[in-house]
Structures are given as C-alpha cells and as structure tokens.
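Student: Okay, handing you the structure first.
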Amino acid sequence: MPYWAEKIGVPRALGVEFPFAQTLGMPYDVSFQNAVIQQALEVLETAPAPGTVIHSPLKWPEPAPEALADWQPAFPSPIVKELAPNIRDLIRQKRLSSR
C-alpha cells in the first residue's frame, strides 16, 4: 500500500497495487509471487534513500472492480468500523510521538 508506506515513513517499500491481503499475488501463482519477492529484494538493495517507495510495474490479472468484489467484505469488521472515523488522528498521533 504505497500511500500508507509514504505517510507512515517506512525505510523503503515496494508498492504493489493488489487487493488487500494479496501482497504477493494470487494464491498458488508461484512464479508471479517470486517476481514480487525479487522486486522487493531489489528495492532493499537499490533504494537511494530512506523513505524510498518503488512502484511495481506488475498488474493484477483481473479487472479492478472484479478483484475488489472478490475480497471486499459486505460489512466492515468491528475494528474497522471503530477505527475508520479516527484513522487520520491515530496516524498523526503516531507520527508526532515518533519525532
């Protein structure tokens, strides 16, 4: 999730635009998963500075609306329902406390 990597300030990250919880790709697609891992290792080796986010050129093999429908729950979990209204404040507090 490149947006959050940039906002939180991770040392380096590979941004993949895949459905939530499918960071390496579709289940059982070993060659695709290996490609993602190889890209992540390259980011670790070649990132020019802290905070670098490299966006992967790999694309999810299904159309986005279809992929979203497959993994998006019909109703938010209790924790998501509780945190969603305050997520920006929680992130700000985290960033201020880490300074």
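Okay, residues lined up against (1) in contact with a helix residue (DSSP H, G or I) (Cβ under 8 Å, 6 or more places away or on another chain); (2) surrounded by fewer than 10 Cβ atoms within 10 Å (Cβ to Cβ):
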position	(1), (2)
LEU58	yes, no
GLU62	yes, no
PRO65	no, yes
LEU68	no, no
PRO73	no, yes
ILE79	no, yes
GLU82	no, no
LEU96	no, yes
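Student: Shifting gears a bit: Here are some conditions: (1) touching a residue at least 24 places away in the same chain (Cβ under 8 Å); (2) out of contact with any Gly (no Cβ under 6 Å at 6 or more places or on another chain). HIS55 meets all but one. Which one does it not meet?
Tutor: (2)
Student: Restricting to segment 23-38, give me the number of residues that are loosely packed, with under 12 Cβ neighbours inside 10 Å, modelled with pLDDT of 90 or more and either on the phi < 0 side of the Ramachandran plot or of a type in the set (Gly, Ala, Ser) (or both).
Tutor: 3
Student: Which residues, counting only those in segment 4-22, are surrounded by fewer than 15 Cβ atoms within 10 Å (Cβ to Cβ) and either under 19 Å from SER98 (Cα atoms) or modelled with pLDDT of 85 or more (or both)?
Tutor: TRP4, GLU6, LYS7, ILE8, GLY9, VAL10, PRO11, listed by residue number.
Student: Go through segment 39-56 and report how many residues are in a helix (DSSP H, G or I) and surrounded by 10 or more Cβ atoms within 10 Å (Cβ to Cβ).
Tutor: Count: 7.
Student: One residue is enough: does segment 15-25 have a residue meeting the conditions among the aliphatic types (A, V, I, L, M), in a helix (DSSP H, G or I) and free of Cβ contacts under 8 Å to residues at least 24 places away in the same chain?
Tutor: Looking for residues that are among the aliphatic types (A, V, I, L, M), in a helix (DSSP H, G or I) and free of Cβ contacts under 8 Å to residues at least 24 places away in the same chain, one finds none in segment 15-25, hence no.
The values are calculated or read from the model by the stated rules, or taken from the named source; none is laboratory data. Computed from a prediction, not measured in an experiment: that's the story for all the values here. Neighbour counts run over all protein chains shown; Cβ positions are idealised from the backbone, glycine included.
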